[in-house]
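> Pasting a structure below so you can have a look.
A short reminder: the numbers here are calculations on the coordinates, not readings from a lab. A quick note: this is a predicted structure, and the numbers were derived from the prediction, not measured. Note that we place each Cβ from the backbone using ideal geometry, even for glycine, and neighbour counts take in every protein chain shown.
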Amino acid sequence: MEQVFDLVNVVLCHDRETRRRNLSIRGYKVIPLAPQAGVLEFVGNTLPLGNWLARAHFKYAICIL
């Protein structure tokens, strides 16, 4: 996947709009513990996915009704 992310960053760098907006994919260090588990590098200024999903579900479920 790291090679795919590097390629996507090259493509983003060659597009004027994405370069202006400074868009890129950032990779993080992961230590695998088992085939389905690992420890992810601490990433500052982030929110756990479960917290975001809970709020998004509440916010967007009302719109669907």
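> Give the shape of the chain as rounded, prolate or oblate, defined through the alpha-carbon gyration tensor: a ≥ b ≥ c are the square roots of its eigenvalues, a/c under 1.5 means rounded, and otherwise the shape is prolate if a/b is larger than b/c and oblate if not.
Details: a/c = 2.42, a/b = 1.18, b/c = 2.06.
Because a/c hits 1.5 or more and a/b fails to exceed b/c, the chain counts as oblate.
> Charges only on Cβ, +1 for Lys and Arg, -1 for Asp and Glu: so what's the dipole of the chain about the Cα centre, in debye to the nearest 20?
Numbers: 8 positive and 5 negative charges, 63 e Å.
Result for the chain is approximately 300 debye, rounded to the nearest 20.
> How about the range 5-53: which chymotrypsin sites (Phe, Trp or Tyr not before Pro) there are in a DSSP loop, with at most 10 other Cβ atoms within 10 Å of their Cβ? Display every interim value, and only then the final one.
Details: sites: Phe5, Tyr28, Phe42, Trp52; in loops: Tyr28, Phe42.
Passing sites in the range 5-53 are Tyr28, Phe42.
> While we're looking at this one, here's another question. Along the positive direction of the dipole of the chain (beta-carbon charges: Lys, Arg +1; Asp, Glu -1; about the Cα centre), which of Asn9, His57, Pro35 reaches farthest?
Sorting the options by dipole projection puts first His57.
> Report the gain in length on full extension from Arg26 to Met1: 0.36 nm times residue separation, minus Cα-Cα distance, nm rounded to one decimal.
On the way: separation 25, 0.36 × 25 = 9.00 nm, distance 1.16 nm.
That works out to 7.8 nm of additional length.
> Below 8 Å, C-alpha to C-alpha, sequence gap of six or more: please give me the relative contact order for the chain in percent. Mind dumping the intermediate values first?
Details: 30 pairs, mean separation 12.1, N = 65.
Once normalised by length, the contact order is 19 percent.
> Hand me the GluC sites (Glu not before Pro) from the chain located in a DSSP loop with no more than 14 other Cβ atoms within 10 Å, in residue order please. Write out the running numbers ahead of the final one.
Values: sites: Glu2, Glu17, Glu41; in loops: Glu41.
Listed in order of number, the matching sites are Glu41.
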